[in-house]
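Q: Here's a structure for you.
The values are calculated or read from the model by the stated rules, or taken from the named source; none is laboratory data. Everything quoted here is computed from the prediction, not taken from an experiment. All Cβ positions, glycine included, derive from the backbone under ideal geometry; neighbour counts span all protein chains shown.
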Amino acid sequence: MALLPVDEALERVLDGLQPLPPEELPLADAAGRVLVGALKARRTQPPFNASAMDGYAVRSADIASPPASLAVTGESAAGRRFPGAVGPGEAVRIFTGAPVPDGADTILIQENAVPVDEGRIEALQAVAPGRHIRRAGLDFRGGDVVLQEGRLLDPAALSLAAAAGHARLPVVRRPVIAVIATGDELVPPDETPGPDQIVASNNFGIGALARMDGADVLDLGIVPDDREAIAGAIRRALGARADIIVTLGGASVGEHDLVREVLTSEGMDLAFWKIAMRPGKPLMFGRFGGARVLGLPGNPVSSLVCAHLFLRPLMARLSGRVFRPDLRPAFLGKPMKANDERQDYVRAVVVEGFEGLLATPFDLQDSSMLTALAAANALIIREPNAPAAEPGSPCRVLMLR
């Protein structure tokens, strides 16, 4: 059976996928979420004509021919307006953000006003009508759409929502990711491995990646290579209403690789198994009704590379976000051999060079080596059947950090 190309595999993973249903959250909890529906202002901002400067609220006609002497009749401060009006020959001391009193049509900034005696100032400069005044509704008016549907709620958007009178917002629900690590050989990091065992690491990396992308993670622990144990973990994930079930290991063709068989026996509709990529050939994808299943390889590097390529776009689509992988052009820092029929993702270090980004691959690319992946900040993407390439040849990189 021909291996599925990476791009086609991703299309199948995302096919027909819609954002999760909405939930309503307080503003403080909505950061990083995606807005459901357009948001309209419930109030006008600013709600009154406000001063943009410290100075004096005056009538422009009274200071048209400076110097002009004015009587100071009161004060207007933010949150405490002057209760009266400004009449001919009068001024009101005013501060930034304070309401402009009736009768005044401009602001004389304090640098252009000189106190002459008790209760009087001298205006040294003429000021045009409307100068230094923020008109009511300058930012928005009640009923205006201030945020469009699908807006990622970043700090500016949350501040605007608050100013528009919203204490709670409808947002796309976070996806719940259930993570199941399988294998008799695995033990937790706080246990001493037996002579034929290793410490489980995939679940920590995958869980961290999911949380950093805004998902809620349900870690179902390590499950032995036992059909009933694997089936039990899958049932727990479905019972918890997981949106994505991620299995780690057990999806290859060995006699102890039981995950695919158990998933299908439990009712999973298998969409594909095995893709034309390195590392990560035994990637599996299927569906349990509305839940998606992503079977990642057991090798730690393969698992994390596949998660970057498939899990992150899947989580983004469920979260209502647009996922844009950080793909950049670069030049090779070392020669590379010709590639075979699989798309290769080569761990590399990318630095800024004189003519652009310089991508230098690690010599050892074994899919079990976490040291190389932790040191890498990018993956060089080698297309299927790419010819040998010399240093300085153009390439494409996927930035990891």
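Q: Restricting segment 291-315 to residues that are within 18 Å of P19 (Cβ to Cβ) and touching a Lys or Arg at 6+ places or on another chain (Cβ under 9 Å), which is surrounded by the fewest Cβ atoms within 10 Å (Cβ to Cβ)?
A: This residue is A291.
Q: Only residues that are among the charged types (D, E, K, R), part of a loop (DSSP other than H, G, I, E, B) and surrounded by 13 or more Cβ atoms within 10 Å (Cβ to Cβ): list them for segment 320-333, please.
A: R321 - this is the single residue of segment 320-333 that is among the charged types (D, E, K, R), part of a loop (DSSP other than H, G, I, E, B) and surrounded by 13 or more Cβ atoms within 10 Å (Cβ to Cβ).
Q: Next question, about the same structure. Being surrounded by fewer than 20 Cβ atoms within 10 Å (Cβ to Cβ), within 22 Å of L373 (Cα to Cα) and among the small types (G, A, S) is the filter here; which residues of segment 171-221 pass it?
A: Listed by number, the residues that qualify are S201, G205, G207, A208.
Q: Further question on the same structure: Would segment 175-182 turn up any residue that is closer than 17 Å to S303 by Cα and in contact with a Pro (Cβ under 9 Å, 6 or more places away or on another chain)?
A: yes
Q: I'd like to check which strands (runs of 3 or more DSSP E) are fully inside segment 334-401 and have at least 1 residues that are acidic (D, E) and farther than 21 Å from V6 by Cα.
A: The strands (runs of 3 or more DSSP E) meeting that bar are 343-353.
Q: Further question: Please enumerate the residues belonging to segment 62-120 that are of a type in the set (A, V, I, L, M, F, W, C) and touching a residue at least 60 places away in the same chain (Cβ under 8 Å). Walk me through it before giving the result.
A: First, the residues of segment 62-120 that are of a type in the set (A, V, I, L, M, F, W, C): 63-64, 68, 70-72, 77-78, 82, 85-86, 91-92, 94-95, 98, 100, 104, 107-109, 113-114, 116.
Hits for segment 62-120 are I63, A64.
Q: Hey, another quick one. Please determine, by comparing only the residues of segment 132-148 that are under 29 Å from the mean Cα position of the chain (by Cα) and of a type in the set (A, V, I, L, M), which one is surrounded by the fewest Cβ atoms within 10 Å (Cβ to Cβ).
A: V145
Q: Going through segment 40-67 one residue at a time, which ones are of a type outside the set (F, W, Y), within 21 Å of L124 (Cβ to Cβ) and buried (at least 19 other Cβ atoms within 10 Å of the Cβ)?
A: S51, G55, A57, V58, R59, D62, I63, listed by residue number.
Residue by residue, here is whether (1) among the β-branched types (V, I, T); (2) without any contact (Cβ under 8 Å) to a residue 12 or more places away in the chain; (3) touching a helix residue (DSSP H, G or I) at 6+ places or on another chain (Cβ under 8 Å) holds:
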{"residue": "R135", "(1), (2), (3)": "no, no, no"}
{"residue": "D144", "(1), (2), (3)": "no, no, no"}
{"residue": "L158", "(1), (2), (3)": "no, no, yes"}
{"residue": "R168", "(1), (2), (3)": "no, no, yes"}
{"residue": "A181", "(1), (2), (3)": "no, no, yes"}
{"residue": "D196", "(1), (2), (3)": "no, yes, no"}
{"residue": "V199", "(1), (2), (3)": "yes, no, no"}
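Q: Could you say which residue among A167, A240, A229, A161 is touching a strand residue (DSSP E or B) at 6+ places or on another chain (Cβ under 9 Å) and buried (at least 19 other Cβ atoms within 10 Å of the Cβ)?
A: So the residue among A167, A240, A229, A161 that is touching a strand residue (DSSP E or B) at 6+ places or on another chain (Cβ under 9 Å) and buried (at least 19 other Cβ atoms within 10 Å of the Cβ) is A161.
Q: Closer than 19 Å to G267 by Cβ and either touching a residue at least 40 places away in the same chain (Cβ under 8 Å) or in the same structural domain as L283 (by TED's automatic domain parsing) (or both): does that describe A215?
A: No; evaluated as a whole, the condition is false for this residue.
Q: Across segment 1-39, which residue is surrounded by the fewest Cβ atoms within 10 Å (Cβ to Cβ) among those that are closer than 30 Å to G142 by Cα and charged (D, E, K, R)?
A: Within segment 1-39, the match that is surrounded by the fewest Cβ atoms within 10 Å (Cβ to Cβ) is E24.
Q: Another question about this same structure. From the list L209, L238, pick out the single residue that is out of contact with any Asp or Glu (no Cβ under 6 Å at 6 or more places or on another chain) and within 18 Å of P313 (Cα to Cα). Steps first, please.
A: Values: L238 fails: within 18 Å of P313 (Cα to Cα).
Criteria check complete, one pass: L209.
Q: What tally of residues in segment 261-288 results from selecting those that are free of Cβ contacts under 8 Å to residues at least 24 places away in the same chain and over 27 Å from the mean Cα position of the chain (by Cα)?
A: So in segment 261-288, the residues free of Cβ contacts under 8 Å to residues at least 24 places away in the same chain come out as 264, 267, 269-270, 273, 286-287.
Now restrict to residues that are over 27 Å from the mean Cα position of the chain (by Cα): 264, 267, 269-270, 273.
Final tally of qualifying residues: 5.
Q: Test of understanding: among E255, E228, E261, which residue is at pLDDT 95 or above, over 20 Å from M315 (Cα atoms), out of contact with any His (no Cβ under 6 Å at 6 or more places or on another chain) and not β-branched (V, I, T)?
A: It is E228.
Q: Scan segment 90-111 for residues that are surrounded by fewer than 19 Cβ atoms within 10 Å (Cβ to Cβ) and outside any loop (DSSP other than H, G, I, E, B) and jot them down.
A: D102, I109, Q110, E111
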